[in-house]
Amino acid sequence: MRLRTLPVSLAGVLAGCGCAVWQGSFSLAPALLCFFFALSAQIASNFGNEYYDFKNGVDRKGRDGFRRGVTEGDISPKSMKYATFIMLGIASIIGCSMLLYGGIWLIPIGCTILLFALAYSTGPYPLSHHGLGEATVILFFGVVPVTLTCYLQTGSWSNLPILICTAVSIGILAANVLVVNNYRDMNDDKAVGKRTTVVIFGQHVMGYVYFLSGVFAMAIMIPIWKLLPLWALVVPLIYLSLHTATWYKMIHSNGAKLNPILGRTAINLLLFTILLLTTFILDSNNAIQSI
């Protein structure tokens, strides 16, 4: 289930809730549905990744990453396959409940999300095997959850530039979790022909990409920082301080020592999102008049 990365699911939904609050609207029911949908879709993707990577011979025993149940013999491939599709079914049921708030047009969106949950690891062109993992994360852990969570609560696409800035920023920070994962697994991935961005560009380059991504994510939100009171700048400053410390440890670590860095990257994202949500709540009255 990869508990250390599950905060990534929560981050996009919290950011979407923050944008809704900033527009003077918040609704608990659709927010919870968005969270459980995102969580179940991520778990399904994680299960599918374990099953299909085992089936395709991508995983090996004793890898530096988190223990893979199927590869290590803790769970049978058949059971993991069933678990994957059960979680996809749960996500589908939750998604159908969301139609009450968003309308029937959500059906193709939901189907696309669940399709990509599998396409990340399988199919004729597995996205994670061809350097497209980070782009997928930006879209499905940033743009999609932030915008849809906000829309289901507000019922409109008003202030779309502000929403997009937040969504892309969250997506980039979420993609950094994958960068650490692939940074750790570079040698294993290279040995089996899995071409992640770290395999393609190397650890040195992707180490700097990790750092600059955090800086760029804060810069993207400059239009939002301008609308917030001066004290709100403490949010990006806190994040960048944590991000820089995590990056420094990352580039001076290797193998299994990178596992805590992966978890810390996810926690940094979640903390940033909580601080951002808190800021939006505290400034919601002024924001409604400004945007």
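The values are calculated or read from the model by the stated rules, or taken from the named source; none is laboratory data. From a predicted model like this one, the values you see are computed outputs, not experimental measurements. Here Cβ is always computed from backbone atoms with ideal geometry, including for glycine, and neighbour counts include all displayed protein chains.
Quick notes on this one:
- Residue check, I281 among the aliphatic types (A, V, I, L, M), over 16 Å from the mean Cα position of the chain (by Cα) and modelled with pLDDT under 95: yes
- Residue satisfying all of: in segment 15-37; crowded, with 20+ Cβ neighbours inside 10 Å, more than 20 Å from S92 (Cβ to Cβ) and not small (G, A, S); nearest to the chain's Cα centre (by Cα) among these: C17
- Residue satisfying all of: in segment 177-193; part of a helix (DSSP H, G or I) and touching an Asp or Glu at 6+ places or on another chain (Cβ under 9 Å); surrounded by the most Cβ atoms within 10 Å (Cβ to Cβ) among these: R184
- The C-beta contact set for segment 252-278 (first residue of a type in the set (V, I, T), second residue surrounded by fewer than 16 Cβ atoms within 10 Å (Cβ to Cβ), distance under 8 angstrom, 6+ apart or interchain) comprises I261/K249.
- Residue that is at pLDDT 95 or above and not charged (D, E, K, R), where the choices are G12, G57, G48: G12
- From the list T196, T166, T122, T149, the lone residue that is buried (at least 22 other Cβ atoms within 10 Å of the Cβ), more than 20 Å from A38 (Cβ to Cβ) and polar (S, T, N, Q) is T196.
- Total residues in segment 212-225 satisfying the condition of being assigned to a helix (DSSP H, G or I), surrounded by 19 or more Cβ atoms within 10 Å (Cβ to Cβ) and more than 17 Å from the chain's Cα centre (by Cα): the figure is 1.
- Identity of the residue in segment 226-248, surrounded by fewer than 19 Cβ atoms within 10 Å (Cβ to Cβ) and among the hydroxyl-bearing types (S, T, Y), that ends up farthest from P260 (Cα to Cα): S241
- Residue check for I138: at pLDDT below 95 and crowded, with 20+ Cβ neighbours inside 10 Å: no
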